[in-house]
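Q: Pasting a structure below so you can have a look.
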Amino acid sequence: MALKAKVLYDFHSENPGEISISENELVTLFSEEELEGWLEGENSKGEVGLFPASYVEIIKDRITPSTNNNGFSSPKSKAVTPTHTSYISSDTQSHRGQGAGSGGSGGGSFHTSHGSDDDWDDDWDDSSPATDAPQSFGSTPPLYPVTTSLPGRRESTQQHQHHAKSSATVGRNLNRFSTFVKSGGEAFLLGEASAFVKDGDKICVVMGKHGPEWQEDPYPFTCTIDDPTKQTKFKGMKSYMSYGLTPTHTNIQVNRRYKHFDWLYGRLVERFPVISVPHLPEKQATGRFEEDFISKRRKGLIWWMNHMTSHPVLAHCDVFQHFLTCGADEKAWKQGKRKAERDELVGANFFLTISPPPVLLDPQEVESKIEGFKTFTKAMDENSVYVNATINEFARKQAAGFKKEYQKVGQSFKLLAQAFELDQQVYSAGLNKAIADTGEAYEVIGEYFADQPRQDLDPISDLLDLYRGHLANFPDIIHVQKGALTKVKDCPKQEGELHDRCNIISCATLAEIQHFHRTRVRDFRSQMQHHLRQQISFFQKITAKLEDTLRKYDDDQ
């Protein structure tokens, strides 16, 4: 017998492959298996297609067999028992992380490694996944059962269905690939989130001078990353680079490979849908053991680590702390890895961990701030690209053009000195040598120009790359917030809980924006100061070289 389901709410299709269904209509299901929160079936009009799984109530027949005269089992009685379970996907991101060179902070295409040194097939990994663990990051996400009640609230079945139905009057997002849907923002807003949140998992947002902020970190720390060392395994058949990490709150060094960073990044992106997880430095299929690449990757990881340890939420989450503190104990590493991959506080449940300030935000003011930040990020992104291109071109000219031109001037002075030496006058020897030394000085200055970009321009470029990664994260974060505000606008005034949940999303989003601005001001002030100091030191070095050369003309004639 075909599987039937009763429709709980009206749904009007707007995309190809979907069908419309009406409240109290009976539809035929082709399968109970959901596809990212959607079911496939046939409505009463004979139309075949997809519709939201949470909009229907599956009717399962329980058949009690009896034996007929021929000895075969036959149905004796039938009891129809409605079952209604909604699911949300742990795939909490859709597009975050596309762009800015390195992979992004979330999405259907996460920044995970595919190089030979980044596969989870050897050290500190499971030879086979645990059968009860969710699928690995980046694959089809596991499904977690959720309810429509708020934490700590018990409702009867009738109250539960009434609450779900009243929330549904707001209307669901019809785009099942929307970041608002995939992040769990919509499910949380409609009350479809339920999880046990321990005190240690709570994330506090406080009202600061400039609006909502993450609660200040009472135990700040930093982490150094030492020069990587090349390691081998399988009797030298496989090589990889190992980085030594030393957090200041333990002062114990742990060794990590790039693939460990990559795994951590994936877990954090899944765990925090409205927090901008900084991008990792780019992967590289070839030349992984070349000195320049290793140096560049280490600098990128240092920037990444500085942003992680300075974030009040990311710095103290369990998976990051496990990453920093778990030593060479393979069993302990695997246990922490499995725990992180079974984390239920993802998607809609993440928002249950947010503890907002007691003051409700004005939705119009929130929307205005979000729009202002959206304009800011667009301008910053465009100008970051321009600045990066400009300084890279300038660095190229210094390394090639300037060096070449100074060398040409230096060689011309040397030729002049050689011509003067043909005079063979004793009193001209000092001048001849001074002119030759001037030529040498210009060649040395050319080398100064070639080397200088590493000191003052490359660090700015590295910083811009990091922030372009952050800027690539924010469109999806903003989309979650704007999706919540849109639902509230469509919400009846009596839907107080919906407003409260939207306020939680607003507080978290504005707190992350505030942290971004504070960190941006800190980083760019420090980097521009470093740039100018390096420029001053550079020109002082050139001046010193020229002054030293000038004194050589004071020799006795």
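The values are calculated or read from the model by the stated rules, or taken from the named source; none is laboratory data. For clarity, every value in this text was computed on a predicted model and none was experimentally measured. Heads up, the Cβs are rebuilt from the backbone with ideal geometry, glycines too, and the neighbour counts pull from every protein chain shown. For accessibility, only protein heavy atoms count, side chains too; no ligands or nucleic acids. Shrake-Rupley method; radii C 1.70, N 1.55, O 1.52, S 1.80 Å.
Q: Among (1) among the small types (Gly, Ala, Ser); (2) open to solvent by 60 Å² or more (accessible area, probe 1.4 Å); (3) within 19 Å of Lys182 (Cα to Cα), there is one condition Ser368 misses while meeting the rest; what is its number?
A: Only one criterion in (1) among the small types (Gly, Ala, Ser); (2) open to solvent by 60 Å² or more (accessible area, probe 1.4 Å); (3) within 19 Å of Lys182 (Cα to Cα) is unmet by Ser368, namely (3).
Q: One residue is enough: does the range 408-416 have a residue meeting the conditions within 22 Å of Val444 (Cα to Cα) and of a type in the set (D, E, K, R)?
A: yes
Q: Checking His322 against (1) buried (at least 18 other Cβ atoms within 10 Å of the Cβ); (2) without any contact (Cβ under 8 Å) to a residue 40 or more places away in the chain; (3) not in a helix (DSSP H, G or I): exactly one of these is not met. Which one?
A: Of (1) buried (at least 18 other Cβ atoms within 10 Å of the Cβ); (2) without any contact (Cβ under 8 Å) to a residue 40 or more places away in the chain; (3) not in a helix (DSSP H, G or I), only one is false for His322: (3).
Q: So, one more: In the range 395-412, which residue that is of a type in the set (A, V, I, L, M, F, W, C) and modelled with pLDDT under 95 is nearest to the chain's Cα centre (by Cα)?
A: Ala395
Q: Show the residue pairs meeting these rules: Cβ distance below 8 Å; 6+ apart or different chains; first residue within the range 514-530 and β-branched (Val, Ile, Thr); second residue open to solvent by 30 Å² or more (accessible area, probe 1.4 Å).
A: Thr519/Ser310
Q: Still on this structure, I have one more. Can you find a residue that is touching a helix residue (DSSP H, G or I) at 6+ places or on another chain (Cβ under 7 Å) and outside any helix (DSSP H, G or I) anywhere in the range 460-480?
A: no
Q: Return the residues of the range 225-252 that are surrounded by 13 or more Cβ atoms within 10 Å (Cβ to Cβ) and at pLDDT 90 or above; say none if nothing qualifies.
A: Listed by number, the residues that qualify are Ile225, Tyr243, Gly244, Leu245, Thr246, Pro247, His249, Thr250.
Q: Condition (residue is at pLDDT below 90, open to solvent by less than 70 Å² (accessible area, probe 1.4 Å) and either touching a Phe, Trp or Tyr at 6+ places or on another chain (Cβ under 6 Å) or of a type in the set (S, T, N, Q) (or both)) applied to the range 259-266: is it met by at least one residue?
A: No, because not a single residue in the range 259-266 is at pLDDT below 90, open to solvent by less than 70 Å² (accessible area, probe 1.4 Å) and either touching a Phe, Trp or Tyr at 6+ places or on another chain (Cβ under 6 Å) or of a type in the set (S, T, N, Q) (or both).
Q: Where residues in the range 325-352 are of a type in the set (A, V, I, L, M) and more than 19 Å from Gly244 (Cα to Cα), which of them is surrounded by the most Cβ atoms within 10 Å (Cβ to Cβ)?
A: Step by step, filter the range 325-352, then rank; the result is Ala348.
Q: Which ones in the range 1-40 are assigned to a strand (DSSP E or B), at pLDDT 80 or above and open to solvent by 60 Å² or more (accessible area, probe 1.4 Å)?
A: Once the filter is applied, which keeps residues that are assigned to a strand (DSSP E or B), at pLDDT 80 or above and open to solvent by 60 Å² or more (accessible area, probe 1.4 Å), the range 1-40 yields Lys4, Lys6, Leu26, Glu40.
Q: Any chance you could count how many residues in the range 431-482 are basic (Lys, Arg) and under 21 Å from the mean Cα position of the chain (by Cα)?
A: Residues that pass the stated criteria total 2.
Q: Further question: Exactly one condition in (1) over 19 Å from Asn255 (Cα atoms); (2) over 18 Å from the mean Cα position of the chain (by Cα); (3) touching a residue at least 60 places away in the same chain (Cβ under 8 Å); (4) not in a helix (DSSP H, G or I) is not met by Pro358; state its number.
A: Of (1) over 19 Å from Asn255 (Cα atoms); (2) over 18 Å from the mean Cα position of the chain (by Cα); (3) touching a residue at least 60 places away in the same chain (Cβ under 8 Å); (4) not in a helix (DSSP H, G or I), only one is false for Pro358: (3).
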